[in-house]
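Heads up: the structure comes next, in structure tokens.
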Amino acid sequence: MRCQVGLAEWRLAPSGVAAFRLAAEVGADGLQLDFGGPGRGVLVDGPGRVEQLRAASAATGVGVLALAGNLLNDIGLTAEPAVVRPVLTRLVDAAGALGAPLLIVPSFRRSAITDQAGFERTVAALRWTAARAQDRGILLASENVLPADRARRLVDQVGSPAFRLLLDTFNPVAHGLSPAVLAAELGPCLADQVHLKDGPPDVGPSPLLGAGQGGLRDTLAALGDGPARVRALVLENDYRDNDGVRLRADLAWARQAALRWSRVPAGSRRPHADTRTGRQA
């Protein structure tokens with residue numbers, strides 16, 4: 001197994017078919033797609049959209065790594081079931097139609113988990129969605145900034161083998177948490193895709209991977225030392241300024257880091273990326 005390196009569509013200037021072309025041009029293996037919505041682009045489940053995206057994936061050789069329901073940050077995962085369940089159903093159906101193995105449900109802004117009532121409503125929404133995702137052979141992942149003990153409680157209360165946590169290597173830092181500690185303590189609960197960032201700002205030129213304040217090397221080391229299986233490292237710096245130099249530099253860094261999770265034939269020496277130097281040892 002080779003750990004893939006991917007891009008997040010919502011952090012690129014082009015979207016849809018053009019995003020697949022850009023990913024192929026810069027050498028990315030896969031793409032996490034955004035479901036879309038008001039202010040977020042064309043809806044994935046609009047007429048003919050899934051077929052266009054699947055065709056673009058096949059033509060470019062760039063896989064669909066995941067579907068993200070970022071519009072939930074505007075609607076609220078903690079909203080009343082009558083409001084949020086139809087959206088969650090569409091997300092599961094779209095992920096299944098795309099052949100995406102992972103569905104990402106974020107808990108930021110209107111979906112932020114700020115109190116016990118919000119925690120309980122989030123559990124209920126995720127438990128309901130996980131059952132439907134499992135029926136489609138899809139893993140459901142929550143991206144949040146809960147401390148390790150509450151994140152583990154979330155997993156326990158959702159109680160589904162089809163549920164995971166998505167690790168972001170910088171979002172927790174902005175909330176006073178250590179991604180490396182989360183990686184070490186939550187390893188078995190983590191999804192096999194990881195969002196790579198290494199510092200602020202959230203919008204605009206971010207530090208190159210490995211050169212920021214997020215402790216990215218420490219986080220990847222903690223992941224590598226634990227039981228988590230990492231199938232894809234996904235760049236989530238902001239590349240909407242079309243800075244191809246920065247994008248390619250981050251891809252190269254991530255490609256070296258991904259060697260840690262890449263299998264080699266029996267009897268061969270496993271390549272190891274030294275994330276302190278970025279060189280292969």
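Segment residue 241..residue 59, full-extension length gain: 63.0 nm, with 0.36 nm per residue of separation and the alpha-carbon distance subtracted.
Would you mind telling me the antiparallel percentage of the DSSP bridges in the chain, rounded to 5? Bridges in the chain that DSSP calls antiparallel: roughly 10 percent.
Rounded if a/c is under 1.5, else prolate if a/b is larger than b/c, else oblate: which is segment 62-147, with a ≥ b ≥ c the root eigenvalues of its Cα gyration tensor? Taking the square roots of the gyration eigenvalues as a ≥ b ≥ c, segment 62-147 is prolate. For segment 235-244, backbone phi angles converted through the Karplus equation (6.51, -1.76, 1.60; θ = phi - 60°) give residue-by-residue couplings of 5, 10, 5, 8, 10, 6, 8, 6, 7, x Hz, Gly and Pro being listed as x.
A short reminder: the numbers here are calculations on the coordinates, not readings from a lab. This structure is a prediction, so every number in the text was calculated from the model and none was measured.
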